[in-house]
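Remarks on the structure that follows.
We did not get these values from a lab; they are worked out from the coordinates using the rules stated. Computed from a prediction, not measured in an experiment: that's the story for all the values here. Heads up, the Cβs are rebuilt from the backbone with ideal geometry, glycines too, and the neighbour counts pull from every protein chain shown.
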Ligand code: GDP
């Protein structure tokens, strides 16, 4: 086996999904701790930990107690190299989250043991299911009085439609929480409180039946033996293939806050989670072990770190290797570009990458030519598929307080919409700037960032738009006719694509009926 193939096989690229407050941020921090990557300079939101980037819009995030940013963290763990892609937790940013999930090979689902399956988790699981993404589960907050664990697993099985295979099982909970028992290695992992901020001691007792175990558990021993017997009978046995096919989830218990049970989960995660998987393009399937470089952009973000006031396009490498100063083909525009200074997020800090390979994420400096969904290759003209934009559901007209700053406003809106959280529409018939978003909060974020980053004050006005549809038609003459007759409702989006802005649901369906040759698409794929 070549070194390259071996190295690719070590990659574990994943994201964490959860309902807000289940413990995603807390567990992320613990994972970074185990990866010796705890200097979380700016990339991890530290709203509860005091490490905070200083830009104003991040302050807004802090105030609202939500996480807006997506970041990438790479760290080695045991034999493997882990790439953790953070996803925004707030519902308004679901589109962003969706696209991040297209860039990972597996997912860790964190569930609050006291609450069980919650809304947001259900939605995110739906997204994962589209691609049969393998799921690890961590049931959190065992240091509290939580719900009956078997009931929570039943809920996962029935609501999320995935089989549960408990790997570890908690011993007690709340004040009586004593650790976890591994059903497969017959080992008790002993919990020592007060070690939440560091790598906890690794104390193990081999054998539930051992004298040491009886001694350690005291009167809880018999109770645990009975419970384990019940659990074994009531749950599925772990099957690696079923897990990798997305039909079964291994379940782990613990407390992220007290940093217990996380290592036990991570140890199995790096063993079982899939290495980079093959990806589909419009011309062929790309294998991660192919030698030539390919990748796609799933996220664009500005101003992650106040010291680097630039925009970064996050690219998932799907095959081959990135090396410094390499030439890449920007497939959408058919141009070669030299990439000297890609960034990575190794050990929580943005450093220059000399080399990165399939499964890794690199950050490309973007000066306006890169869009979400763009494919980069070593010369091949192709396009990775399945990275959509969704039609926004909310629209506002953007007006300037100072009309002299129109250029800046346009530039700002254009650049912010490249990040994909909002979309800009410019009507063909007038000079309005219409902003579309999937959630209300994004409007506030845009206004704040326009102020901070582009020095323009704007106000929003209501606009009579119900929804947007991307217009497609192979017949150029028909399209031209449509353009002429319906120009009042037509606009170009930030990427220059023609869109129909419908005033009402009825307006949309009437137009669709009147123009059967025209396709009105609710998503746009690059
Ligand atoms: P996120 O919204 O999913 O990122 O959740 P956070 O990681 O920010 O956690 C939400 C709240 O739950 C915070 O107050 C955490 O301190 C708390 N929390 C997280 N993990 C645990 C845990 O294992 N036990 C307890 N008792 N609280 C926890």
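Key figures for this structure:
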item	result
DSSP beta bridge pairing in the chain, given as percent antiparallel to the nearest 5	75
Ordering of 277-286, 107-116 by packing [mean C-beta count within 10 Å, highest first]	107-116, 277-286
Pairwise centroid distance, computed over Cα atoms, of the range 229-255 with the range 370-392, Å	36
The chain, relative contact order in percent, only Cα pairs under 8 angstrom and at least six apart counted	14
The chain: angle of helix 220-234 to the longest principal axis, Cα-based, in degrees nearest 10	50
Estimated translational D of the range 357-402 in µm²/s (Stokes, Kirkwood radius over Cα pairs; 37 °C; 0.692 mPa s)	223
Over the chain: Kirkwood hydrodynamic radius from C-alpha pairwise inverse distances, Å	24.7
Footprinting exposure proxy for 176, 311 (fewest neighbouring C-beta atoms within 10 Å first)	176, 311
Mean-position separation - Cα centroids, the range 109-177 and the range 194-225, in angstrom	23
For peptides 219-225, 370-376, sequence by mean Cβ density within 10 Å, most packed first	370-376, 219-225
Rg/Rg_ref, the range 373-423, where Rg_ref = 2.2 N^0.38 Å and atoms are Cα	1.62
Spatial separation of Cα centroids for the range 441-477 and the range 409-426, in angstrom	7
Surface/4 estimate of mean projected area, convex hull on alpha-carbon atoms of the range 97-179, nm²	5.5
Sorted by Cβ neighbour density within 10 Å, fewest at the top, the residues 400, 490	400, 490
